[in-house]
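Derivation of every value follows stated rules applied to the coordinates shown; laboratory data play no part. What you see is a predicted model, and the numbers here were worked out from it, not measured in a lab. Positions of Cβ are generated from backbone atoms using ideal geometry, with glycine treated the same way; all protein chains shown enter the neighbour counts.
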Amino acid sequence: VLALGEGGVWIRNSGNLVLGNTGSTTSVLSTGAVNISTTGSMEVKSSVLGRGTVVLSTVDAATAGQDMTIDSGVVIFAAGSAVNSTTGVATGGIVALGAGDNFTMAEGSTISAATGVLIQGDAGDADPGTGSTIDISGQIVSPTIVVFGNGDHDTINLRNATQGTYLLDGRGSGDTYQ
């Protein structure tokens, strides 16, 4: 998928979805909000840039496979009213990423939003008894970062927490944090 939107980009996909190509710099560029969901897995291979809220989600099902992967080199950026020209940090905007099953953010990837970032694994919990693995190896630039699972046993791996305030909540018993 390559999308350019003035005022916003909204995509509802059935099945697996790949955003961008390896080597391309941007898969989605919008002057407004971005909202992309799919019923299968989602792999983000190139950057997603929006003004306002950026929402990417995989819809959970009773079967496995609704994973979300953010590849190395990808930037997911939600700008608000302005961007600081010195730091490059947005002064508004929210990034919300919901994986029906597992979530993986590769080392070398970046999520940036001035207001906040929300990452959820096992979103929807359509497969009771099966938790998620949330693996965050990339950089998140935001004052507030919320990462949570659902009612099943989840594993949250936070490998690159360099700035911001993190709230980690597996939302179930027996969750693992690393």
task = Report the local net charge at Ile70: Lys and Arg +1, Asp and Glu -1, summed over other residues whose C-beta lies under 12 Å from its C-beta.
result = -4
key: Hydrodynamic radius by Kirkwood, which averages 1/r over all alpha carbon pairs of the range 108-165, in angstrom   = 12.1 Å
task = Could you give the size of the charge dipole of the chain about its Cα centre, using +1 on the Cβ of each K and R and -1 on the Cβ of each D and E, expressed in debye and rounded to the nearest 20?
result = 640 debye
note = For Val54, other-chain or 5+-apart residues with amide H closer than 5 Å (H placed, Pro excluded) are Val34, Ile94, Val95, Ala96
task = Using a cut-off of 11 Å between beta-carbons, work out the net charge of the residues near Arg159 (Lys and Arg +1, Asp and Glu -1, Arg159 not included).
result = -2
key: Euclidean distance of C-alpha centroids, the range 105-178 and the range 1-34, integer Å   = 23 Å
inquiry  = Using the Cα atoms of the chain, I'd like the radius of gyration and the largest Cα-Cα distance, Dmax, both in angstrom.
reply    = 15.1, 47
